[in-house]
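Below is one structure, written out as structure tokens; the observations come after it.
A short reminder: the numbers here are calculations on the coordinates, not readings from a lab. Note that the structure is predicted; figures quoted are calculated from it, not measured. Quick reminder, even Gly has a Cβ in these numbers, built from the backbone with ideal geometry, and neighbours come from all protein chains shown.
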Amino acid sequence: MKIVITEFMDDAAVDVLRAAFDTCYLPTLVDQRADLLAQLEQVDALIVRNRTKVDAALLAAAPNLKVVGRLGVGLDNIDVAACAARGIEVIPATGANARAVAEYVIGTAMALLRPAYTRSAETAAGKWPRAALSNGRELSGKTLGLIGFGGIGQLTARLAQALGVHVIAYDPMFGPKAPVWAATGVACTRIDDLLRVADIVSLHVPLVDQTRNLINATALAKMKKTSILINTSRGGIVDESALAQALHASNLGGAAIDVFMQEPLAADTPLADAPNLILTPHIAGVTEESNTRVSAVIATLVGNYLRQKQSL
Ligand code: NAD
């Protein structure tokens, strides 16, 4: 059985696969589309992150493909319906990077509430901007509004509650009587109420038709002028031009954005010079620890799936 891995994976997990299968680890293959397609004729398993487009062209080039392992959770780069039609199993690393994302939310919320952390240069230069930087806010006592209350949303709620944060959430999968609210101590809200009252709004939804452009100019206008927006979910859920405008106009307290409509960002992105904005290159879910966990989970699950197919 042959495996091709097209993006970075923890070495120890790659070695586990190499010990049992013909494994080709080419972490830059994602950027050489023609080479990638040419490698797939004999391939039984493909392992990808979020940048490899598993689309009709790729599937056509891989007639023996049986399983796609996803080193992460979002499946918007994979044509899941086309895989299902071909009987190709798609295996995400559910839960394995949730802690990294949840800690990113807490960390960026704290950094944006207290801008002093990003002003070292002035202190080093002897300017001593103590008066200007004495307006930082504490996370404790604030209201965190989670849009999407799945695995990552629920873990983020637990971390925030431990720091004294009041957590509310909106998720159409859970009605007001769903047991999850009592079990987590999180208040079920409607999205408009959440946008109006939350001090921090954090997005944890998949990119689907219902979530595309969910946080547009109208939604941003409902938020408090002091509120913070955090998007670790997917680009396309936040309207980037509307966000930049809201930040420039001081209609929003700040934002941390990890995922974008176009990745890498285009040179003319409206976000380039917006104030109170933390931009990161789609790394909220990627830490040393989460890479180890995600890679180990996918090596085990893809390996088991291939062994099961072999034994048929
Ligand atoms: P999950 O499937 O456990 O939870 C997603 C939740 O969103 C579900 O409960 C679902 O009911 C809810 N939802 C769907 N449509 C909604 C809507 N219109 N409004 C509100 N809620 C809605 O997924 P998860 O593991 O919590 O991950 C959430 C997202 O985070 C993923 O889809 C992925 O795109 C993203 N992610 C990003 C990174 C990163 O590095 N930036 C890492 C991991 C995950």
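If the viscosity is 1.002 mPa s and the temperature 20 °C, what translational diffusion coefficient in µm²/s does Stokes-Einstein give for the chain when Rh comes from Kirkwood over Cα pairs?
102 µm²/s
How big is Rg to Rh over the stretch 182-312, alpha-carbon atoms, Rh as the Kirkwood inverse-mean-distance radius?
1.10
Which order do the peptides 230-240, 119-129, 245-255 come out in when sorted by mean C-beta neighbours inside 10 angstrom, highest first?
The most tightly packed comes first, giving 230-240, 245-255, 119-129.
Can you compute 3J(HN,Hα) from phi for each residue in the stretch 4-16, using the Karplus curve 6.51 cos²θ - 1.76 cosθ + 1.60 with θ = phi - 60°, rounded to whole Hz and x for Gly and Pro?
10, 10, 9, 9, 5, 8, 4, 4, 4, 6, 4, 4, 4
Over the stretch 98-279, calculate the relative contact order: mean separation of alpha carbon pairs under 8 Å at least 6 apart, over the residue count, as a percent.
Reported as a whole number, the value is 19 percent.
Note down the net charge around residue 139, summing +1 for each Lys or Arg and -1 for each Asp or Glu among other residues with Cβ under 12 Å from its Cβ.
Result for the neighbourhood of residue 139: +1.
Please report the relative contact order for the chain, taking Cα pairs under 8 Å with a sequence separation of at least 6, and give it as a percent rounded to a whole number.
Answer for the chain is 17 percent.
Put a dot 7 Å past each Cα toward the Cβ at residue 90 and residue 37; how far apart are the dots in nm?
2.0 nm
Note down the relative contact order for the stretch 185-273 as a percent, whole number, built from C-alpha pairs under 8 angstrom at least six residues apart.
Relative contact order for the stretch 185-273 comes out at 29 percent.
What is the spin-label model distance, in nm, from residue 218 to residue 11 if the labels are put 7 Å beyond Cα along the C-beta direction?
Output for this residue pair reads 5.3 nm.
Modelling each spin label as a point 7 Å along the Cα-to-Cβ direction, I'd like the residue 173/residue 55 distance in nm, to one decimal.
That separation, rounded to one decimal, is 2.7 nm.
Compute the normalised compactness of the stretch 98-279: alpha-carbon radius of gyration over 2.2 N^0.38 Å, N being the residue count.
Working: Rg = 16.4 Å, N = 182, 2.2 N^0.38 = 15.9 Å.
Dividing the Cα radius of gyration by 2.2 N^0.38 Å gives 1.03.
Per-residue ellipticity at 222 nm for the chain, helices alone: DSSP H runs ≥ 4 residues times -39500 (n - 2.57), over residue total, nearest 500 deg cm²/dmol?
On the way: 12 runs with 112 residues, N = 312.
Value at 222 nm, helices only: -10500 deg cm²/dmol.
Students often get this wrong, so check it: of 127/224; 127/222; 53/177; 2/53, which have C-alpha atoms separated by over 27 Å?
127/224; 127/222; 53/177
How high is the FRET efficiency from residue 183 to residue 210, r the C-beta distance, R0 22 Å, rounded to 0.05? Please report the intermediate quantities before stating the final value.
Numbers: r = 25 Å, r/R0 = 1.14.
After rounding, the FRET efficiency stands at 0.30.
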